[in-house]
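The structure appears below as structure tokens.
The values are calculated or read from the model by the stated rules, or taken from the named source; none is laboratory data. Keep in mind it's a predicted model, so treat the numbers as computed, not measured. Quick reminder, even Gly has a Cβ in these numbers, built from the backbone with ideal geometry, and neighbours come from all protein chains shown. Note: areas computed on protein heavy atoms with side chains; ligands, DNA, RNA excluded. Shrake-Rupley method; radii C 1.70, N 1.55, O 1.52, S 1.80 Å.
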Amino acid sequence: MTTLRSVTVPVGELSAAMGLLEYLVLDEQLCWIRRREGLVGFGEAARFTSSGPERFARAQDWWRSILAEADVEDPLAAPGTGIVAFGSFAFSKRSPFESRLVIPEIVVGLRDGAGWVTFTTADPDVELTAETAKAVLARYLEDLPLYRDSDPADRVLPGMLSESEWKNAVARSVAHVTAGDLSKIVLARDIAVELGSPLVASQVLRELAVRYRDCWTYSVDGLIGSTPEMLIRVENGTAEARVLAGTLDRATAPADDPDYAKRVLAGSAKQQHEHQIAIDSLTRSLEPFTSSMTSHTEPFVLELPNVWHLASDVTAELAADESGLVPTPLTLVEALHPTAAVCGFPTSVAGELISELEHMDRGPYAGPVGWMDAAGNGEWGIALRGAVIESPTDIRLYAGCGIVAGSNPAAELEETWSKFRPMLEALGLDRPRAVPVRSPDFASSPAGS
């Protein structure tokens, strides 16, 4: 087992107007940013990977073993200081995608205007000082950030299913709901982006963080995006979650109707029903770990640059188990995933149908993504509004919709395009007017939960 040593030092100059955006300079770096604050990671001190149904439990065991041996100097003792692991987990227990935890060599943090740098190393001979930490960070910042202009050769292509094939899958999903097989299923699809010149991931992350400042912009090993949905946030024994279900595209909204979103979303029985299934799913799974829990009696309308959502926030006080241990962020992540917001309900039935209808492996899409520290704090979102970088010029985007009895295939297809928009805009691309048909590879891995 790797023995890690770590030191955290305050750095006051991080409170500048740019916040952490000025540290998004490398393509292969980790980040979790909202409103220009959060965490940015450089390099790698240790890594864990696993797949299958036990991926969360194995990651938990590895993290505990790392912390048991670690030598940590953390005078700040704030959420996100000390040793931190960034993580990304597969949506499906059957996916070949390797879920991972990565402990960066350097973490730059910013919270409420206060900045810090954490340096972590497995080298027993390295001196753990503030000067060393800042010197290692400086080496990562030697190169200026790169920029990429749109290339005429950039193309948006269909994914595993054509639009017509995906609409047919939605119709089949509605038939299953109408027949009483389940009350909701979340059906996703992918599109492929082929670039004429190599992607500059750091530029995409900066674009997302600026455009979607109220979302959580994330980057873990080629999984990038800006999610509006917090699966679970744990801070000093209190857990918080944000549930989204119910979507309205802002691009088609009338400009002279300020109450349009509230009227259409909150006034829609279909949208309210979909949202209630999602909130009930989360609170039911979270309740065994809590001593008390509160949530909005009515969902609110969350305004994002591309869409409006029906949203509810849940807050819970965590309770110790029979051994006196408070559940860790990973314990809660395993208990909550997959929620009805990204899978459906009942989840077991929805997962089997997803595998049958989507014809693709979701990989990390709609899986947990985020970070945790040694003190039991952490933030884990759901990997939405994002993409997987498959090569320097190949990027795969994903989007999904909650399908209930009142769902219309054409409307659901349009909703996926509204959800592709954040990544397409950050890549400097537009929705193609006519998407050529690409034959799907029906031999791809299943995506069931």
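If you filter region 291-325 down to residues that are of a type in the set (A, V, I, L, M) and farther than 21 Å from residue 211 by Cα, you find that the one that is most open to solvent (accessible area, probe 1.4 Å) is 325.
Close Cβ contacts (under 6 Å, 6 or more residues apart or on different chains) running from residues in region 81-92 that are farther than 16 Å from residue 225 by Cα to residues that are buried (at least 24 other Cβ atoms within 10 Å of the Cβ) and of a type in the set (A, V, I, L, M, F, W, C) comprise 81/116; 84/107; 84/371; 85/101; 85/103; 85/372; 92/447. Just name the residue that is nearest to residue 184 (Cα to Cα) out of those in region 314-349 that are in a helix (DSSP H, G or I) and polar (S, T, N, Q). By that ranking, first place goes to 347.
Residues in region 211-226 that are buried (at least 24 other Cβ atoms within 10 Å of the Cβ) and assigned to a loop (DSSP other than H, G, I, E, B): 215 only.
A count restricted to region 354-374 and to residues that are touching a helix residue (DSSP H, G or I) at 6+ places or on another chain (Cβ under 6 Å) and surrounded by 24 or more Cβ atoms within 10 Å (Cβ to Cβ) stands at 2.
Residues of region 171-210 that are closer than 21 Å to residue 416 by Cβ, open to solvent by 40 Å² or more (accessible area, probe 1.4 Å) and within 18 Å of the chain's Cα centre (by Cα): 207 alone.
When both residues are 6+ apart or on different chains and their Cβ atoms are under 9 Å apart, which pairs have a first residue that lies in region 186-214 and is under 30 Å from residue 406 (Cβ atoms) and modelled with pLDDT under 95, and a second that is open to solvent by 30 Å² or more (accessible area, probe 1.4 Å) and of a type in the set (Asp, Glu)? That search, which allows pairs on different chains as well, returns 214/303.
Residues in region 67-99 that are at positive phi and basic (Lys, Arg): how many? Steps first, please.
Step one: list which residues in region 67-99 are at positive phi, which gives 77, 80, 82.
Subsequent filtering for residues that are basic (Lys, Arg) retains none.
Residues flagged as at positive phi and basic (Lys, Arg) within region 67-99 amount to 0.
If you go through region 60-94 and keep only what is touching a Leu at 6+ places or on another chain (Cβ under 7 Å) and assigned to a loop (DSSP other than H, G, I, E, B), you end up with 70, 80, 83. Within region 430-449, count every residue that is of a type in the set (A, V, I, L, M, F, W, C) and either touching a Pro at 6+ places or on another chain (Cβ under 8 Å) or modelled with pLDDT of 95 or more (or both). Here the count works out to 2.
When the residues of region 25-59 are narrowed to those that are modelled with pLDDT of 95 or more, of a type outside the set (Ser, Thr, Tyr) and assigned to a loop (DSSP other than H, G, I, E, B), which ends up farthest from the chain's Cα centre (by Cα)? Selected residue: 45. Criterion applied to 265, 161 was being of a type outside the set (S, T, N, Q), in a helix (DSSP H, G or I) and over 30 Å from residue 79 (Cβ atoms), and the one residue passing it is 265. The residues of region 339-369 that are out of contact with any Ser or Thr (no Cβ under 7 Å at 6 or more places or on another chain), at positive phi and modelled with pLDDT of 95 or more amount to a single one, 366. For the criterion of being closer than 20 Å to residue 224 by Cα, at pLDDT below 95 and assigned to a helix (DSSP H, G or I), residue 20 passes. Of all residues in region 93-121 being among the charged types (D, E, K, R) and in contact (Cβ under 8 Å) with a residue 60 or more places away in the chain, which is most open to solvent (accessible area, probe 1.4 Å)? Taking the candidates together, the pick is 112. In the set (1) in a strand (DSSP E or B); (2) among the charged types (D, E, K, R); (3) modelled with pLDDT under 80, residue 256 fails one condition alone, (1). Only one entry in 390, 379 is more than 30 Å from residue 326 (Cβ to Cβ), of a type in the set (Asp, Glu), in a strand (DSSP E or B) and at pLDDT 95 or above, namely 390. Scanning region 122-153 for residues that are assigned to a helix (DSSP H, G or I) and either of a type in the set (Gly, Ala, Ser) or open to solvent by 50 Å² or more (accessible area, probe 1.4 Å) (or both) yields a total of 8.
Yes/no per residue for (1) in contact (Cβ under 8 Å) with a residue 12 or more places away in the chain; (2) crowded, with 16+ Cβ neighbours inside 10 Å; (3) touching a Lys or Arg at 6+ places or on another chain (Cβ under 9 Å); (4) among the hydroxyl-bearing types (Ser, Thr, Tyr):
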| position | (1), (2), (3), (4) |
| --- | --- |
| 258 | no, no, no, no |
| 261 | yes, yes, yes, no |
| 271 | yes, yes, no, no |
| 275 | yes, yes, no, no |
| 280 | yes, no, no, no |
| 284 | no, no, no, no |
| 289 | yes, yes, no, no |
